[in-house]
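J.: Can you read through this structure? Questions will come right after.
The values are calculated or read from the model by the stated rules, or taken from the named source; none is laboratory data. Treat the numbers as computed from the prediction; the structure is a model and nothing was measured. Cβ coordinates were reconstructed from backbone atoms using ideal geometry, including for glycine residues, and neighbour counts include every protein chain displayed.
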Amino acid sequence: MLIVIVDFFVASENRDVALAVQSLRRLRMIRALELLAEDSAGITKIAFTVGYTSLSAFNAAFREFVGETPSSYRQGLRGAGNVKLKAQGLCTTLI
């Protein structure tokens, strides 16, 4: 019985950690989207600003989250204004 209870708490802790990591990653990506839309800073600087220590890790995470590279996303914003950011429904006030 004790083993089952311990397993339950370990599994619960693991889910909590996974949720926290997922939330942090989402917050980082939302902030990156904002910076790409409002700032002319380089993508490397934005990657470091939102907490990534590697440009390649940032690019991979961004592509997974948004479906395109940060530079491609920024180019699309320049052509369409900030409509793209709003259309994705990624509003920091919802977090």
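J.: What number of residues in the range 36-45 are at pLDDT below 95 and surrounded by 17 or more Cβ atoms within 10 Å (Cβ to Cβ)?
T.: Of the residues in the range 36-45, 1 are at pLDDT below 95 and surrounded by 17 or more Cβ atoms within 10 Å (Cβ to Cβ).
J.: So, restricting to helices (runs of 4 or more DSSP H) that lie completely within the range 46-95, which ones have at least 2 residues that are surrounded by 11 or more Cβ atoms within 10 Å (Cβ to Cβ) and at pLDDT 90 or above?
T.: 55-66, 70-80
J.: Would you please list the contacts, defined by Cβ atoms under 8 Å and residues six or more apart or on different chains, that run from a residue in the range 11-30 that is more than 18 Å from Gly51 (Cα to Cα) and at pLDDT below 90 to a residue that is outside any helix (DSSP H, G or I) and among the aliphatic types (A, V, I, L, M)?
T.: Here the result reads none, with nothing in the range 11-30 linked to a residue that is outside any helix (DSSP H, G or I) and among the aliphatic types (A, V, I, L, M).
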